[in-house]
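Written out below as structure tokens is the structure these notes cover.
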Amino acid sequence: MRRIFSAWRDTYARLAIASEVASFFADLPARIAAAHLVVSRSGAGTVAELAAIGRPSILVPLPHSLDQDQFANAGMLEMTRGGIRLRQEAFTPERLAAEITALASAPESS
């Protein structure tokens, strides 16, 4: 995992993209509160934080999660227009860029 994170950090640095890459953030509620948009998996804790703090999100449920609970979690935010649910196979750079562009183009509808 460290090798993957290192490759991501190097790529982001080369592209001059400000980022922090880690497998865990202890201060997640503060990070969510500071974000304009969250792109994340859709575990119960994350979805609860997003709902409580009220941040828009693009959620990519873990495809092999037990009982498809992450898919259901993301669906709850999607039904209330709090997030966009993308299946992992649909989560491509092009699709992500299109979703972010659409949100940025019409912020009042998100």
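A search for C-beta distances below 6 Å between a residue of the stretch 85-110 that is farther than 14 Å from V39 by Cα and any residue that is of a type outside the set (K, R), counting only pairs 6+ apart in sequence or on different chains, returns S110/P56; S110/L103. Among the residues of the stretch 2-32, which ones are touching a helix residue (DSSP H, G or I) at 6+ places or on another chain (Cβ under 9 Å) and either open to solvent by 70 Å² or more (accessible area, probe 1.4 Å) or within 23 Å of A72 (Cα to Cα) (or both)? Scanning the stretch 2-32 gives I17, A18, E20, S23, L28, P29, I32.
Set side by side, the residues A13, A18 differ, and just one is at pLDDT 90 or above and aliphatic (A, V, I, L, M), which is A13.
The values are calculated or read from the model by the stated rules, or taken from the named source; none is laboratory data. Here the structure is a predicted model, which means the values were calculated and not measured. Cβ sites come from the backbone with ideal geometry, for glycine too, and all protein chains shown count toward neighbours. Side chains are part of the model used for accessible areas, which takes the heavy atoms of the whole protein and leaves out ligands, DNA and RNA. Shrake-Rupley method; radii C 1.70, N 1.55, O 1.52, S 1.80 Å.
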